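Trainee: Quick one: this structure, given as structure tokens, is what I'll be asking you about.
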Amino acid sequence: MRGGRQRLARLFREQSDGCARLGSPLYAGLLARAADDIEADGVLAQVLAGHEADPGPSALALRLAGAVHRLVLDGRAPGLAAYYPSVGGHPVVDKAWLAFRDTVAANERDVRALLASPPKTNEAGRSAVLLGGLLHVARETGLPIRLLEIGASAGLNLRLDHFLFHLDHTPPIGDPRSPVVLQQPWTPGGAWPPVDARLDIVERRGCDTDPVNAGNDDGLLRLMSYVWPDQTDRLERLRGAAAIAQRIPAPVEKLTAAHFLERELADSWDGVATVVWQSVVWQYLEPMERNAVQKTLLNAGAKATSNAPVAWLTFEPRRVNDRDWFVFLATLMLWPGSDERVIAEAQGHGPPVVWN
């Protein structure tokens, strides 16, 4: 059992380091202290009992943090709310930790139930990566785009052409009246995607084994709970994207990725480029599911033509040998006749995006 606690503590410290790199000092501090508590067989160790063997990619630390944030957003943790900027609090890590631990202890049953859900931020910032990938496809094919997203959650990024992107030294891209505004999401210099390519999305749909309806209070609360509470700009983007979803249809079906793609890629669409998009979903798929998705995409790619091309655009974490943490890489495969190419590196939540 002690070995299991040590493993959990290590995973929590790794996530703490990740939060620090991604600009959340509050979560970096809370998760580091949670790791100490787990090692000491404290409150967190008791609540997380039974999860000692959870695989690392299941993101147990973020599931716990999201469960507690939901209690804060729902008004059930007033002591902790005082330190969460998402509800107007001021982040003081030492005091926040004491309130965090007390909140978990007082709501053990609810926290354990919420741990069953994987993080579902539906991060609108990742649209900065998606935009660049779609511009590459649009320029290279000269065709309108059919956009399919696996692991789509609420499908918010399926509406990215209704967001507004302010870029350096070029006219903005998107809807000037959009409630979702990304300021300078691409780093200057380097080989930017073709910003003058015409982006025309003629079909948008997705799948998820547990889709979220951002149009109701419970669904939006669930999405908000997985946004890090000291990153209020992300919360603003989420609320804006949810408002857009109310008026721009983009159905997200309750289906596995493999079944969804098997159906959607069975027939080609002449005169349209079909783009399959995913962001930080691969780690949550079982190996058999991954194999089925790859097989379906490779089969569709083998049948693709210049008048009905198929693309696979991904944004996923990868372990790089010369670094001791994951990096988030955007890759693109475009059929007919394309090998996988890395087109960008970004933070886990999107900006800043560095294009190759």
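Trainee: How much accessible area per residue does segment 27-120 have, counting only protein heavy atoms and a probe of 1.4 Å, in square angstrom? Present the calculation step by step, with values, prior to reporting the outcome.
Mentor: Details: 3760 Å² over 94 residues.
Using a 1.4 Å probe on heavy atoms only, each residue of segment 27-120 averages 40 Å².
Trainee: Assign unit charges at the C-beta atoms only (+1 for Lys and Arg, -1 for Asp and Glu), then state the dipole size of segment 63-159 relative to its Cα centre in Debye, rounded to the nearest 20. List each step's numbers first, then the result.
Mentor: Details: 12 positive and 8 negative charges, 29 e Å.
For this selection, approximately 140 debye.
Trainee: If you don't mind, another one. Got the relative contact order for the chain handy, in percent, Cα pairs under 8 Å and 6 or more residues apart? Let's see the in-between values first.
Mentor: Values: 670 pairs, mean separation 63.2, N = 356.
Computed over the chain, the figure is 18 percent.
Trainee: Simple spin-label model, 7 Å along Cα-to-Cβ: Thr331 to Ala105 in nm?
Mentor: For Thr331 paired with Ala105, the spin-label model returns 4.6 nm.
Trainee: Specify which residue in the list Ile201, Trp355, Ser117 is farthest towards the positive end of the charge dipole of the chain, using unit charges on the beta carbon of Lys, Arg (+1) and Asp, Glu (-1), about the Cα centre.
Mentor: Result: Ser117, furthest along the dipole toward the positive end.
Trainee: Given the C-alpha centroids of segment 57-92 and segment 302-356, what is the distance between them in whole angstrom?
Mentor: So the two Cα centres are separated by 32 Å.
Trainee: Could you work out how far helix 232-245 tilts from the main Cα principal axis of the chain, as a 0 to 90 degree angle to the nearest 10?
Mentor: Long axis of 232-245 versus the principal axis of the chain: about 50 degrees.
Trainee: Mind computing the radius of gyration and Dmax over the alpha-carbon atoms of segment 1-44? Å is fine for both.
Mentor: Values for segment 1-44 (Cα only, Rg and Dmax): 10.3, 33 Å.
Trainee: Would you work out the charge dipole size for the chain about its Cα centre, treating the Cβ of every Lys and Arg as +1 and the Cβ of every Asp and Glu as -1, and quote it to the nearest 20 debye?
Mentor: Values: 37 positive and 42 negative charges, 47 e Å.
Here the chain has a charge dipole of around 220 debye.
Trainee: Under the rule a/c < 1.5 gives rounded, and otherwise a/b versus b/c splits prolate from oblate, where does segment 185-231 land using the Cα gyration tensor? Walk me through the numbers on the way to the answer.
Mentor: Details: a/c = 3.40, a/b = 1.54, b/c = 2.21.
Oblate is the answer for segment 185-231, as a/c is 1.5 or above yet b/c matches or exceeds a/b.
Trainee: Cα axis of helix 60-73 to longest principal axis of the chain: angle in degrees, 0 to 90, nearest 10?
Mentor: Long axis of 60-73 versus the principal axis of the chain: about 80 degrees.
Trainee: Okay, moving on. Residues with beta-carbon under 11 Å from that of Glu203, excluding Glu203: net charge, scoring Lys, Arg +1 and Asp, Glu -1? Before the final figure, lay out the partial values.
Mentor: On the way: positive: Arg146, Arg204, Arg205; negative: Asp200, Glu264.
Net local charge, Glu203 excluded: +1.
Trainee: From the residues Thr305, Ile244, Leu71, which one has its Cα farthest along the dipole of the chain in the positive direction, the dipole being from +1 and -1 charges on Cβ of Lys/Arg and Asp/Glu about the Cα centre?
Mentor: Going by the charge dipole, the pick is Leu71.
Trainee: Taking the Cα atoms only, what angle lies between the long axis of helix 127-141 and the longest principal axis of the chain, rounded to 10 degrees?
Mentor: 20
Trainee: Using a 1.4 Å probe on the protein heavy atoms, what percent of the accessible area of segment 139-278 belongs to carbon and sulfur? Can you show the working numbers first?
Mentor: Values: 2890 of 5980 Å².
Carbon with sulfur: 48 percent of the solvent-accessible area.
Trainee: Could you give the Stokes-Einstein D for segment 216-356 in µm² per second, using the C-alpha Kirkwood radius, 20 °C, 1.002 mPa s? Before the final figure, lay out each step's value.
Mentor: Numbers: Rh = 17.4 Å.
Using the Kirkwood radius from Cα pairs, D works out to 123 µm²/s.
Trainee: Okay, next question. Quick check on packing: order 46-52, 142-148 by the mean number of other C-beta atoms within 10 Å, highest mean leading.
Mentor: Answer by packing, highest mean first, reads 142-148, 46-52.
Trainee: A follow-up question, please. What base-10 log of the normalised intensity I(q)/I(0) is obtained for the chain from the Debye formula, alpha carbons as equal point scatterers, at q = 0.13, 0.15 Å⁻¹?
Mentor: Those come out to -1.03, -1.32, one per q.
Trainee: Also, quick follow-up: So for the chain: antiparallel DSSP bridges make up what percent, rounded to the nearest 5?
Mentor: Numbers: 21 of 45 bridges.
Taking every DSSP beta bridge with both residues in the chain, the antiparallel ones total about 45 percent.
The values are calculated or read from the model by the stated rules, or taken from the named source; none is laboratory data. As the structure is a computational prediction, the values presented were derived from the model and not from experiment. Virtual Cβ from ideal backbone geometry, glycine too; neighbours counted across all protein chains shown. Quick note on the areas: whole protein, heavy atoms, side chains included, nothing else; ligands and nucleic acids left out. Shrake-Rupley method; radii C 1.70, N 1.55, O 1.52, S 1.80 Å.
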